[in-house]
Amino acid sequence: MTRKEFREEKEKLKDMTPADRRWYIWNYYKVPILIGLVILLMLYEVGGAFWRSRQDCMLYCIFINQTSEEEARLNHLKDDFYEHENFSGLQIVTFDASIRFTDDLYSDASAIVFQSLISTDTVDIVITKQSVMEQFHNQNIFLNLQEVLPPQRLSQLESALYYDADSSGTPVPIGIYLKNSILPSEYELEEDSILGVCTLNNHPEVIQDFISFILK
């Protein structure tokens, strides 16, 4: 478009009502508008992918069957732990409260997502109820805490440990009851929750720090 044509278009639009102006612009310029939107979307996706590739998830924790009120309090817990660890801007903490085993339809979808996250070693920690822990009996989702915590720390937590039998039938500690943690007292999460560790392949030192942080 030449400068003269641009001035003519500008004068034409000036004399129109807002509704007519919107109609005129859309009908005569919708192709370049759509192309521009596609380009912006592509730039956004590329930029987002680049940013995500530079981020390092320090801790991925799933909270199963959380209410909307509990989800809001989890954000405060995440912020407090993030500040405690003094992470940088590219280090992130993810608290995922999207998994719910509450009805058949939602449970099936959640089970698929949950198993996918577990199988890719995405999830470091799961916090849930004993009834949900029992659903995954013999599926090797939760690690033996003897492989996670030092013996002295494990001994200190003896009265709070949740046990399940391994493949040989031997009881092993795979969870920690959180009744005496800061979660119920400071963040109003339910007292009968249990923490289980799913992998040590990401940042095992941060898992240790989080357990110490909530059990201080």
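The values are calculated or read from the model by the stated rules, or taken from the named source; none is laboratory data. For clarity, every value in this text was computed on a predicted model and none was experimentally measured. Note that each Cβ is placed from the backbone with ideal geometry, even for glycine, and that neighbours are counted across all protein chains shown.
Points to keep in mind about this one:
Results for (1) exposed (fewer than 14 other Cβ atoms within 10 Å of the Cβ); (2) touching a residue at least 12 places away in the same chain (Cβ under 8 Å); (3) more than 18 Å from the chain's Cα centre (by Cα), shown as yes or no for each residue.
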| position | (1), (2), (3) |
| --- | --- |
| L183 | no, yes, no |
| C198 | no, yes, no |
| N201 | yes, yes, no |
| E205 | yes, no, yes |
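- For segment 142-158, the criterion of being within 20 Å of the chain's Cα centre (by Cα), within 14 Å of F63 (Cα to Cα) and either surrounded by 13 or more Cβ atoms within 10 Å (Cβ to Cβ) or not assigned by TED's automatic domain parsing to the domain that holds F81 (or both) is met by no residue.
- Conditions (1) at pLDDT below 95; (2) within 25 Å of D121 (Cα to Cα); (3) surrounded by 17 or more Cβ atoms within 10 Å (Cβ to Cβ): number failed by L189: (2)
- Count - residues of segment 97-141 that are without any contact (Cβ under 8 Å) to a residue 24 or more places away in the chain, farther than 22 Å from R73 by Cβ and either of a type in the set (A, V, I, L, M, F, W, C) or surrounded by 12 or more Cβ atoms within 10 Å (Cβ to Cβ) (or both): 9
- The one condition in (1) in contact with a Leu (Cβ under 6 Å, 6 or more places away or on another chain); (2) within 14 Å of I62 (Cα to Cα) that V132 fails to fulfil: (1)
- Test: residue in segment 32-44 that is in a helix (DSSP H, G or I), closer than 30 Å to L189 by Cα and at pLDDT below 80: no
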